[in-house]
Amino acid sequence: MNPSVAIVILNWNGKAFLQQFLPGILRTEYDNLQVIVGDNASTDDSVAFLKAQFPSVKIIQNSLNYGFAGGYNKVLEQVEADYFVLLNSDVEVTPNWIKPVIDLMESDAQIAAAQPKIKWQLNKKQFEYAGAAGGYLDIYGYPFCRGRLFNVYEFDSGQYNEAKEVFWASGAAFFVRSNCWRETGGLDADLFAHMEEIDLCWRLKNLNYKILYCPDAEVYHVGGGTLQTENPFKTYLNFRNNLIIMQKNLPKGDAVFRITLRMWIDFIAWWHFLLTGKPKFTLAVSKAHFHFVKSIFKTAAKRKATQKPYFKHAGVYSSSIVWAFFIKKIKYFSKLS
């Protein structure tokens, strides 16, 4: 029998997505599978809808909206399986999307987490923002993807059809060994949402685990289902959380150096937002830096005894992705040197 797998969908007021995509998820071709919806204190009728329309789906209800990170932590405390699959509610799956990833992970006990190929649900020939063909970080800790640099989304022509070790796997369709999840304590609930999967992958890599991209499984992500891309709160979370995970996971001296540089680069973004008439986004960057500094001692307490040197990790780009994209005009991952 195949290893046991639990697909866990965290829901908050997502009845429309559940109605659209849950039937396809239930048609997944895998013989040792359970499908669970963790509800993050929805105020719509999601739970009543699930009970009436999908009685085979187990529901675990949180008493409060704990965010993406805290919500999954609460739900997965109550789930038993060899592998967890954290799946966004706005993801359309293909019938055979589980087994290729599990087979890849079973081939090497050091693979702790993985993701399938993630493409855009509205144009299934195109890679999608939140994961594409696997996640990378640049020299300053900026995340980006194979298949997506900033606002340029590549079309899938088979250019990323090899399994590859990457830095982070997307939280939109995140496969993780349950024992590795528990070893690391799961997601950092203080992050609330955005970059918590990067933080978890980084902590796993510091423990000498691997993160893989599997091209033989494919899903389609709508994106922006809870927080739209053009949302100042999302900007705030991205800027704040990026600094926090750098402090948590870099070696101490490296952290001081790279975070100082990053905050100066963020200041350029602050001016960009101001000069392009986006004062709410300017304020979001200021708040992100203020709250990062305010939480420095709390974050320091989360640092583990060992952080591997940054460039020892697979999936690190040894230059600036901002410089490559905006100055050198490199628009495709395959052109990065």
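Observations
Condition check ((1) crowded, with 24+ Cβ neighbours inside 10 Å; (2) under 30 Å from Ser337 (Cα atoms)) across all residues:
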position: Tyr72; (1), (2): yes, no
position: Glu80; (1), (2): no, no
position: Leu86; (1), (2): yes, no
position: Ile111; (1), (2): no, yes
position: Lys125; (1), (2): no, yes
position: Ala133; (1), (2): yes, yes
position: Leu137; (1), (2): yes, yes
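- Whether a residue is outside the structural domain of His194 (by TED's automatic domain parsing) and over 23 Å from Ala189 (Cβ atoms) was assessed, and Met246 does not pass this test.
- Of all residues in the range 294-328 being of a type in the set (Lys, Arg) and free of Cβ contacts under 8 Å to residues at least 60 places away in the same chain, the one that is surrounded by the most Cβ atoms within 10 Å (Cβ to Cβ): Arg303
To keep it simple, each residue is scored yes or no on (1) without any contact (Cβ under 8 Å) to a residue 60 or more places away in the chain; (2) surrounded by 21 or more Cβ atoms within 10 Å (Cβ to Cβ); (3) touching a strand residue (DSSP E or B) at 6+ places or on another chain (Cβ under 7 Å); (4) of a type in the set (A, V, I, L, M).
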{"position": "Tyr142", "(1), (2), (3), (4)": "no, no, no, no"}
{"position": "Tyr153", "(1), (2), (3), (4)": "yes, no, yes, no"}
{"position": "Gly158", "(1), (2), (3), (4)": "yes, no, no, no"}
{"position": "Ala169", "(1), (2), (3), (4)": "yes, yes, yes, yes"}
{"position": "Val176", "(1), (2), (3), (4)": "no, yes, yes, yes"}
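- Helices (runs of 4 or more DSSP H) fully within the range 210-316 that include at least 3 residues being over 22 Å from the mean Cα position of the chain (by Cα) and either at pLDDT below 95 or more than 30 Å from Ile7 (Cβ to Cβ) (or both): 252-275, 279-294, 296-300.
- Unmet criterion (only one of (1) assigned to a loop (DSSP other than H, G, I, E, B); (2) crowded, with 19+ Cβ neighbours inside 10 Å) for Ile198: (1)
The values are calculated or read from the model by the stated rules, or taken from the named source; none is laboratory data. Note that this is a predicted model, so its numbers are computed, not measured. As a convention, Cβ positions derive from the backbone with ideal geometry for all residues, glycine included, and neighbour counts pool all protein chains shown.
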